[in-house]
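Single-structure report; data block below.
The values are calculated or read from the model by the stated rules, or taken from the named source; none is laboratory data. It should be emphasised that the depicted structure is a prediction, and the values quoted were computed from it without experimental measurement. Here Cβ is always computed from backbone atoms with ideal geometry, including for glycine, and neighbour counts include all displayed protein chains. Quick note on the areas: whole protein, heavy atoms, side chains included, nothing else; ligands and nucleic acids left out. Shrake-Rupley method; radii C 1.70, N 1.55, O 1.52, S 1.80 Å.
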Amino acid sequence: MEQGPVRIQRDAMSATGESLIARVMGTVKHRIAARSLTPGARLPSIRSFASAMKVSKSTVVEAYERLQAEGLIRSRPGSGFFVAAPLAPLTLAEIGPRVDRAVDPLWISRQALEPGEGVLRPGCGWLPPSWMPEAGLRRALRGIARGDAAMLVDYGAPLGLLPLRQLLARRVAQHGIEASPDQILLTESGTQAIDLLCRFLLKPGDAVLVDDPCYFNFHALLKAHQARIVGVPYTPGGPDIGRFGEALAQHKPRLYITNSALHNPTGAMLSPLVGHRVLKLAEQSGLTIIEDDIFADFEEAPAPRLAAFDGLERVVHIGSFSKTLSAAVRCGFIVAPRDWVEALTDLKIATCFGGAGFSSELVLALLKDGSYRKHMETVRQRLARAMAETAERLTRIGITPWIEPQAGMFLWCRLPAGIDAAKLASGALGRGIVLAPGNVFSHAQTAGGFLRFNVAQSEDERLFRELSALMAAA
């Protein structure tokens, strides 16, 4: 009989081989979809492709055999392999947007959410599946399956699961935010939380301040609500206070939406001085602030929270667990002034009726059993290593981090002079790499020379090799 360690080693080698084969297949499929390989075109020789992909010739042979079995390519004895089937009608979902749509706020999401074998996603905003607490999720699911049948099939309570709201009240208190459970409304995501608040606070044509750059989906949501978006330049310590005051005086905005801790996309953290000045200006002008704290648990040392300084007078605090537990388990929350909660709850019922009771039970089980704390300690350690390694690798090929973030997953990086990030991203998409070009995050379109990198998704050497080649070509 085989010894245990030998068996395990062979299994690991087999898994690695399967991964390499899938990567080769994914690269070929993306080149076919992007029209760089058209019907009848000859594929690279086995030897040359193996060299280019840094894999063995046997890996390429197996990948080509599987592609042939799928009907995508065919072999000609003595001549090699050729693209076989007629291509499907050309769609933007397959090759990404046209150049004139390269900075559309939904560009990254559309590409990063599309499944694809061998696709690298350094431009996406979430952790790799292997970093998530799969064992804890399965354990929690088994516990829920043995519980009350109502939690499997019934609508959730309008405000959301009370034990989870009680736990969240204790968690936000650790950041100095004093809120009772009846000031916390559970939502299906952080995005739904912002959507509900926009429905509650905005009328079409209202001005809304955002950081420039900021999370690109803020732009998409605000456009859906027909708001006027006003960008304020962001600095390593928060919004540019001078420009912030000018925007308040000129545009009379209703809202300001920001991340005070671990800013997306820059990785910066709000300084206490800037935070106090923002709140003073907000009080003078009647501005309401939505503080998106979705990355709170990635922090090593807590940053200031506007909601803590303000006491939930004009700051609304939101969060979710999609980045730390599971994007498939939709559970977010709003911490709001007490007199807003009833109206927000009515809006929640009107737009989605019941709460996500099943997801809330799952999140509660994971937060209570102690495994979440250990999981996040591991994630923070892995991110710290990945941040240092990614910054070093990017610097070696001429891509410079804007700042050195204290924590989190994002690096906001400047490209060499003369290279357009949108064009680079379009070229990378044809090579099976989803990048995040800077102008997707910039309302003023002033970040054309920047890319945002997710360091947790940037560990594959192929990323840096392909980036170097694309920049050389540019």
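Assorted remarks:
- Filtered by the rule that a residue be assigned to a helix (DSSP H, G or I) and either modelled with pLDDT under 85 or crowded, with 19+ Cβ neighbours inside 10 Å (or both), segment 346-357 gives Lys348, Gly357.
- Of everything listed in (1) part of a strand (DSSP E or B); (2) in contact with an Asp or Glu (Cβ under 7 Å, 6 or more places away or on another chain), the single unmet condition for Met376 is (1).
- Selected residue (only one of Leu152, Leu141, Leu168 is touching a strand residue (DSSP E or B) at 6+ places or on another chain (Cβ under 8 Å), assigned to a helix (DSSP H, G or I) and not small (Gly, Ala, Ser)): Leu168
- Considering (1) farther than 30 Å from Ala425 by Cβ; (2) under 28 Å from the mean Cα position of the chain (by Cα); (3) of a type outside the set (A, V, I, L, M, F, W, C), the lone condition that Glu117 does not fulfil carries the number (1).
- Applying the criterion of at least 2 residues that are among the charged types (D, E, K, R) to the strands (runs of 3 or more DSSP E) found wholly in segment 196-269 leaves 207-212.
- Qualifying residue in segment 294-317 (condition: open to solvent by less than 10 Å² (accessible area, probe 1.4 Å), in contact with a Phe, Trp or Tyr (Cβ under 6 Å, 6 or more places away or on another chain), in contact (Cβ under 8 Å) with a residue 60 or more places away in the chain and of a type in the set (A, V, I, L, M, F, W, C)): no
So that you can scan it fast, the table gives a plain yes or no per residue for (1) farther than 29 Å from Ala384 by Cα; (2) open to solvent by less than 10 Å² (accessible area, probe 1.4 Å):
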residue: Asp212; (1), (2): no, no
residue: Gly245; (1), (2): yes, no
residue: Gln250; (1), (2): yes, no
residue: Ala261; (1), (2): no, yes
residue: Ala268; (1), (2): no, yes
residue: Pro272; (1), (2): no, no
residue: Lys280; (1), (2): yes, no
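- Any pair with Cβ under 8 angstrom, 6 or more apart, that starts in segment 134-163 at a residue that is in contact (Cβ under 8 Å) with a residue 60 or more places away in the chain and open to solvent by 80 Å² or more (accessible area, probe 1.4 Å) and ends at one that is of a type in the set (Phe, Trp, Tyr) and assigned to a loop (DSSP other than H, G, I, E, B): Tyr155/Phe353
- The residue of segment 178-195 that is nearest to the chain's Cα centre (by Cα), among those that are under 23 Å from Leu221 (Cβ atoms) and in a loop (DSSP other than H, G, I, E, B), is Ser189.
- A search for C-beta distances below 9 Å between a residue of segment 216-228 that is of a type in the set (Phe, Trp, Tyr) and any residue that is part of a helix (DSSP H, G or I), counting only pairs 6+ apart in sequence or on different chains, returns Phe216/Trp107; Phe216/Ile108; Phe216/Ser109; Phe216/Val440; Phe218/Ile194.
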